[in-house]
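Encoded as structure tokens, the structure appears first; notes follow it.
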There are 2 protein chains.
Amino acid sequence: MAQFAKCMSRVSGEAVREILKLMADPSVLTFGGGSPARETFPVGVARDIVDKSLADNPAALLQYGVTEGWPALRQAYLDHMVRPKGVKAELENVMTLTGSTQGIGLIAEIFLDPGDHVLVESPTFLSTLNVFRRYDAVLVPVRVDDDGIMTNDLEEKMAKYKPKLLYTIPTFQNPTGRTIPADRREKIAGLAAKYDVIVLEDDPYCDLRYRGTPVPPIKSFDKSGHVVMLNSFSKIISPGLRVGAMTADPAIIAKACDAKQLADTHTSNLVQEICAEFLNRGLLPGHLKSIVPLYEERLSAMLEGVGAHFPTGCEYTSPEGGLFVWVKLPGGADAQALVKRSVAELKIAFVPGRPFFADPNEGLDCIRMNFSSNPPEKIKDGMERLGKFFTAECA
Amino acid sequence: MAQFAKCMSRVSGEAVREILKLMADPSVLTFGGGSPARETFPVGVARDIVDKSLADNPAALLQYGVTEGWPALRQAYLDHMVRPKGVKAELENVMTLTGSTQGIGLIAEIFLDPGDHVLVESPTFLSTLNVFRRYDAVLVPVRVDDDGIMTNDLEEKMAKYKPKLLYTIPTFQNPTGRTIPADRREKIAGLAAKYDVIVLEDDPYCDLRYRGTPVPPIKSFDKSGHVVMLNSFSKIISPGLRVGAMTADPAIIAKACDAKQLADTHTSNLVQEICAEFLNRGLLPGHLKSIVPLYEERLSAMLEGVGAHFPTGCEYTSPEGGLFVWVKLPGGADAQALVKRSVAELKIAFVPGRPFFADPNEGLDCIRMNFSSNPPEKIKDGMERLGKFFTAECA
């Protein structure tokens, strides 16, 4: 049988497939995944928008659209999600995406030649690592502390490796939940210009803030056009719609549209219209206000449970928002082995840390836990039982 | 500013952008593009499906889905569009796509290493040529006659170039409208097995047959698993939804899912549900029955107009279905120059033939005309005026 391309041998969907498999078993209490709570989906509004919009504008919605995006959504994204965050942008700076995931792939595709260096936070979103591997990039981890990327290390590595890209999730990072403060963001934008490095700022969680003060995106500090900002409707409206958007220099938008045209021609008009109308009806602020207390309660339940029941010597993050808490277990724990036993014995799932690192020898004792998709009682129960399990295993 | 990847310099969105620009001017009568008629969109059904399905199953529709596709659509596609065509397949053989365009990209991505040879019909769909160029494939045109691919030439080139892929649109081909008969299809499937070549059978128009007898897909003759069949909902329900599907060997489906997971995670659930319900409610056969006379009338108007008014020495195809008629103008015409003057002087657009050929020196005197998106009166008027223009210019 014909051989698959060599580049595909570097890509493994295994880690994500394992997570999905664990989530598919309804008898397992899962803290894996990164799904928003189904209770937050604006079902009635979505029904009403589709009904009205298909009645008013059926031909345009059901006909081919343009690669740059459904015009109403490009404008609404600019007005409601870009400019209010202090980013100076015009229509030529924005395009819509089939989920912000698509933006990661498009930026990798249009910028990366085999052997190009890419800087990544260590740890970072595991699917993105696979995207960069698929393009045969050399992954260079950048050191992080509780405030995310350490800019001294970043500058050293920009100077040493002359990377094409830096990939960062600056707000409530996946998997750690950490947020980069404004002064470091400004510094990152400056370094990108100085060393001619594209910054891929992946910011799907920025509106899910339950505590503390919002921080402007790195893009708001960008004077040279080096920063590409990705935003998502998955966590604030619905992930099943698959809608995201990108803000970047017009030359980057044009090249990304060339690549997107070949990838899927354009994103479905109908789901873009749902997002556009949601924004244009002014529903986002109120919707976020209703989500925040729900998630804040779940985050508190997880942090309290970890603090009360997890073994001595555990280190864990205390995010101000997002979906994830990151735990480093004590005693040289093997998280990969532990998750298998936890699922078998406790019927509780979480994600082992290793796939989030570019270096396969890192993160063996780390786990990522999602708090958004279970009610507080289940989180409390889960943390208590997991805590006992880890205490017995990692002592 | 950071350099774009070298591979992207081989890709130009120019030809398609030019077409879209011509189509955007409402004062231009356009036979460019490949859009289905807006009158055919099942608006009421789509509204009803979204309304009912979002009421019945909101959490699953709006939550993350699986990369393989919305389960109801995978099953419905298999039951209504794969098995009835004589293709033996199970669920593991099918996945859904963000438009069948995505399938072309995924198959190129998972099979092509730089320098791999790819056989293409000459002419063929221009966007596909760009996809293969982007993966640095060597394009080898295969000779065609009125029955499409000439299998003697195909076998010679399979033996000589040891290609990884053959790309074909076997039914009502884009741009020529030609259909490969059953005996050649069987031969193609056999040659694919003999020479270990993947056949990418792109079949978006197969249900738009206005005359003659349906021909089984190449996939129905596939005994070795070398044929990948792509189908689309764009021409039979709505292109704005962006839904397609693929039937292939399970190992190919699994690898394509790895690539799709990185590309867009999954296709929007809601638009997949519209297609699934449309099939499951048994609406497709009746819908096609209503489309066929509409398009048949338009095809007739175009063929009659070309026959009556185009200059002596014109050669043109007489398709039994699909969306396109292909014309070779006489006298060494320069179609690229003619379309510019035709738009400026006549306010009539069509697509010049050159971008449909792998060899940029071919097709200079050819044009593609779409008959699906204009009513018969406009087609009659357009053919008459174009015929006079060509007669004056190409005599």
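Quick notes on this one:
- Helices (runs of 4 or more DSSP H) completely within region A:11-117 that count 1 or more residues being free of Cβ contacts under 8 Å to residues at least 40 places away in the same chain: A:14-24, A:43-56, A:58-62, A:71-77
- Residue match in region B:78-86 (condition: facing another protein chain (nearest Cβ under 10 Å), touching a strand residue (DSSP E or B) at 6+ places or on another chain (Cβ under 6 Å) and at pLDDT 95 or above): no
- Only a single item in (1) within 11 Å of another protein chain (Cβ to nearest Cβ); (2) closer than 24 Å to B:Val120 by Cα; (3) assigned to a helix (DSSP H, G or I) is not met by B:Ser234, and it is number (3).
- Count - residues of region A:336-364 that are crowded, with 17+ Cβ neighbours inside 10 Å and either under 20 Å from A:Val120 (Cβ atoms) or not assigned by TED's automatic domain parsing to the domain that holds A:Phe390 (or both): 10
- Among the residues of region B:35-75, those that are of a type in the set (A, V, I, L, M), more than 9 Å from every other protein chain (Cβ to nearest Cβ) and surrounded by fewer than 22 Cβ atoms within 10 Å (Cβ to Cβ) comprise B:Ala37, B:Val45, B:Ala72.
- Search result, residues across region A:172-218 that are aliphatic (A, V, I, L, M), in contact (Cβ under 8 Å) with a residue 40 or more places away in the chain and closer than 17 Å to A:Glu121 by Cα: A:Leu191, A:Val197, A:Ile198, A:Leu200, A:Ile218
- Residue count for region A:298-345, restricted to those that are closer than 17 Å to A:Asp146 by Cβ, touching a residue at least 60 places away in the same chain (Cβ under 8 Å) and assigned to a helix (DSSP H, G or I): 2
- When the residues of region A:246-274 are filtered to those that are touching a Lys or Arg at 6+ places or on another chain (Cβ under 8 Å) and either more than 13 Å from every other protein chain (Cβ to nearest Cβ) or of a type in the set (D, E, K, R) (or both), the one that is farthest from A:Gly99 (Cα to Cα) is A:Thr247.
- B:Val243 satisfies every condition listed in (1) under 19 Å from B:Phe371 (Cα atoms); (2) surrounded by 24 or more Cβ atoms within 10 Å (Cβ to Cβ); (3) of a type in the set (Val, Ile, Thr) except (1).
- Test: residue in region A:244-254 that is within 27 Å of A:Arg354 (Cα to Cα) and part of a strand (DSSP E or B): no
- Residue within region B:143-165 that is touching an Asp or Glu at 6+ places or on another chain (Cβ under 6 Å), in a helix (DSSP H, G or I) and either away from chain A (no Cβ under 13 Å) or crowded, with 24+ Cβ neighbours inside 10 Å (or both) present: no
- In region B:346-367, the qualifying residues are those that are of a type in the set (A, V, I, L, M) and in a loop (DSSP other than H, G, I, E, B), and the one that is nearest to B:Val142 (Cα to Cα) is B:Ala358.
- Filtered by the rule that a residue be in contact with a Leu (Cβ under 9 Å, 6 or more places away or on another chain) and under 21 Å from A:Gly103 (Cα atoms), region A:155-176 gives A:Pro163, A:Lys164, A:Leu165, A:Leu166, A:Tyr167, A:Thr168, A:Thr171, A:Phe172, A:Asn174, A:Pro175.
- Evaluation of B:Glu277 against (1) buried (at least 22 other Cβ atoms within 10 Å of the Cβ); (2) under 30 Å from A:Gly99 (Cα atoms) (one fails), failing number: (1)
The values are calculated or read from the model by the stated rules, or taken from the named source; none is laboratory data. Note that the structure is a prediction, hence the values are computed from the model and not measured. Counting neighbours? That spans all protein chains shown, and the Cβs are built from the backbone with ideal geometry, glycine included.
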